[in-house]
Amino acid sequence: MPARPRLLSLGDRVRYEGREHSVVALHGTAVRLVDDAQAASVVLLGHLLASEGFAVLGTGPSRPPLPEEGVLEGLPEEEAERVRWWQQHLTELITGRPDAEPGTAVRAEYDPDVCSVRQRELAKLAELREAGEEVALSTLQRLRTRFEREGVAGLVDRRLVKPATGTSRADPRVVAAIEKVVGSRTEEATVSAQVLRRQVERLLADEHGAETVAMPSRAAFYRLLQAVSTGRHLLGSARTRRSLGKQPKRMFGQLTAARPGEVMEIDSTPLDVMVVHDDGTLDRCELTGLVDLATRTLAAVVLRPSTKAVDAALLLARAMTPEPVRPGWPEALRMSRSVLPYASLLPLDERLAKAAAKPVIVPETVVSDRGKAYISDNFRNACRHLGISFQPSHPDTPTDKPHIERTLGSVSTMFAQHVAGYTGRSAEMRGKDPAAQAAWSIHELQELLQEWVVAVWQTRPHDGLRDPLMPDRPLSPNEKYAALVTAAGYVPVALAQEEYIQLMPRERRVIGPGGVRINNRTYDARALGPYRRQSSGAGPDGRLWEVHYDPYDISRVWVRDHREGGWITATWRHLRTSPVPMGELIFERAHQVLTEREQRKPDEEAVARAAAELLDRASDGPDDRPVRRRKGKTRADERRDRKAAARTRATSTAAWPRPEPPGHEEPSPEEAAHDSEEAEETEELAKVVPLGIFDAREEAKRWW
């Protein structure tokens, strides 16, 4: 840190453009310089002071170096005291004032205007020797030079300062070999440091010849290996090492979304919970989620044995459909009791009157990885039909969609750990027998997850939703949505039932006397009467009718009416005998939301109680399953009981909010009796075929 002069005066010697000049005139902002060859030049003062290499060579008063207390952190206390002692004496030698304060009187023997640097050095040397400090003149001059050039850091003993890289004294060839070996281990399995040492030896022998480069000792090699591999997780988890290796070797970019739905990310990951599948088997399932960048709203989540294109497409529809309040949910989870702009949104969609406190968001751009379910024609066609821009990420680059990666990880941390049957995120964290603790079916766990999203995720302050003008107060996803709706003028247009049906998988079937058959199930409706045994007049052959169905809800299908237009809802004929199926503006609005938060303590307490009860229920398991083993029953008996119960409940809950057809009414008792008689007559004439149970795992293997 060189000492810069306070004043530039006539007669001063300066260094400018690599030559020495004398200041011969000052006029306003112009300086006249004359070099040793008597060549004159006029330079603007600002340009002169900012030029590279400029320095004043005279002995006029100089500016003291700025204090740098940070460089003393981590040093021994004795060394720090020694540096402060030298700083005080050298500051007095350079400026004449021991404490560098302008108001302090200047001692005559250290006055820069009267004494030269040599005279001040000799005076300081005599003062130190008189005080009992034996210091050589060369030592004093060396410390003064380093203090003027580097500041306080120049006074620290070099032996106490650790090298920045940790490899400064090692053979560069050994360091290069270690770096090469470490760089090649990103995708490989984790091995011990001894194996890496042997690889470095072989690499040095191949590149420089055998016994040409001496290997450091084992302890020195371990220190070098630690210094080179810092931040790469070389000797730890291979999964973490691969994840770190995928991070870009540059500054991370940031995508800012100004309105809900502007950018959304979708992805799937295995959920660390053992569930009971529809066929009674115990296994993990996949969690697929859609998160909004602007509000961090978890717009839609679904659990499936494996993610298919139909799940990804219906996930888009679910984000655009109000989340209904399920029976048994607390009143505090209703949209009317939340911070969402319920009064202004209700006129747009009457379904919001019975909706839960989760916003409806229409995606504009969806970012996903290159999984088969997302790059399929089904998902792309769904995005095209809904007017959504689909943007696949770069291959093997999870940093292109970091928000959904982090969100799904948070679901595993905040939700899955409370669920009975939690497996742990890795084998070393797994319990003895997590399958024995599995208590929830996949549909029941889906309901718990939906309630958790409304009760916990949407009301929890999110660290990524901090207003720039109020960084100490994070907002929740619901609060951020309320603020952005007011500021951005965002108006969600709910998905129509026709659009929802369009996203489901499609088949072409005939309409027979008994209705439509899909997957060995017969679906019928009174509106199909005129079309029985009739040709549709559409499609490749003009005979078959277009039928859409939800593979995870066997209660009904939708038949396109090629004659009159619209859709005909046909229900499963055995449904009645089976379980019920299955800026400044931003600142002002954010301030208003935070102000309203303080007035909603009773509701927040109710939501917190609901969230706690939800996690307790998830941990205890369903009420209809025994918590303790009954006397005389083995664990195998309990597993068989759970499998039987799982088969019974396979279609007990609808997986998606189903649109009802216009004018849908329940049949009268007379019509119901007539339908029952008609069904019995048909069943007497028809061949009895055993009714199979919907197999979700086999269905997951199919490609839509």
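General observations
- Taking Cα centre as origin and charging only the Cβ of basic (Lys, Arg, +1) and acidic (Asp, Glu, -1) residues, the dipole magnitude of the stretch 374-439 rounds to 120 debye.
- Listed residue (294, 368, 332) projecting farthest to the positive dipole end of the stretch 294-396, Cβ model: 332
- Note on residue 122 and residue 44: the extension gain reaches 24.2 nm, defined as 0.36 nm multiplied by sequence separation minus the Cα-Cα distance.
- Once the Cβ-Cβ distance of residue 396 and residue 202 is raised to the sixth power relative to R0 = 30 Å, the FRET efficiency obtained is 0.55.
- Annotation: amide H-H contacts under 5 Å for residue 473 (H modelled 1.01 Å from N, sequence separation of 5 or more, or interchain): 467.
- For the stretch 255-271, the Karplus equation 6.51 cos²θ - 1.76 cosθ + 1.60, evaluated at θ = phi - 60°, returns couplings of 9, 9, 9, 9, 8, x, x, 4, 9, 10, 10, 10, 6, 10, 7, x, 8 Hz by residue, with Gly and Pro reported as x.
- Exposure ranking of 221, 54 by accessible area [1.4 Å probe, largest first]: 54, 221
- Shape of the stretch 108-148, Cα gyration tensor, a/c cut at 1.5: oblate
- Å² of accessible area per residue within the stretch 242-375, as computed with a 1.4 Å probe and no ligands counted: 37
- Hz values of 3J(HN,Hα) by residue in the stretch 189-195 - Karplus curve (6.51, -1.76, 1.60), Gly and Pro given as x: 6, 6, 10, 7, 5, 5, 5
- Surface accessible to a 1.4 Å probe, residue 29 within the full protein complex, Å²: 100
- Under 5 Å from the amide H of residue 365 lie the amide H atoms of 263, 264, 389, each residue being 5 or more positions distant or on a separate chain, with H modelled from the backbone and absent for Pro and chain starts.
- Alpha carbon convex hull of the stretch 181-321, projected area averaged over orientations, nm²: 13.9
- Here the accessible area is traced with a 1.4 Å probe on the protein chains. For the stretch 167-243, carbon and sulfur cover 48 percent of it.
- Rg ratio for the stretch 508-559: its Cα radius of gyration over 2.2 N^0.38 Å, N being its residue count, equals 1.09.
- In percent, rounded to a whole number, the relative contact order of the stretch 259-307 is 38, using alpha-carbon pairs under 8 Å and six or more apart.
- Between the listed residues 196, 143, 178, the Cα displaced farthest toward the positive end of the dipole of the stretch 126-221, a dipole computed from Cβ unit charges relative to the Cα centre, is found at 196.
- Electrostatic dipole magnitude of the stretch 272-371 [Cβ: Lys, Arg +1; Asp, Glu -1; Cα centre; debye, to 20]: 280
- Extension gain, residue 161 to residue 246, is 27.3 nm, computed as 0.36 nm per intervening residue step minus the present C-alpha separation.
- Each principal axis of the Cα cloud of the stretch 303-411 was taken in turn, and the coordinate range along them, longest first, works out to 44, 31, 25 Å.
- Projecting the Cα atoms of 427, 414, 386 onto the charge dipole of the stretch 378-433, computed from C-beta unit charges around the Cα centre, puts 386 farthest toward the positive end.
- With 27 Å as the limit on Cα-Cα distance, the pairs of 180/249; 249/358; 246/358; 246/480; 308/358 that go past it are 249/358; 246/358; 246/480.
- Of the listed residues 27, 385, the order by accessible area with a 1.4 Å probe, largest first, is 27, 385.
The values are calculated or read from the model by the stated rules, or taken from the named source; none is laboratory data. Note that the structure is predicted; figures quoted are calculated from it, not measured. Note: ideal-geometry Cβ built from the backbone for every residue, glycine included; neighbour counts use all protein chains shown. SASA here: full protein model, heavy atoms, side chains in, ligands and nucleic acids out. Shrake-Rupley method; radii C 1.70, N 1.55, O 1.52, S 1.80 Å.
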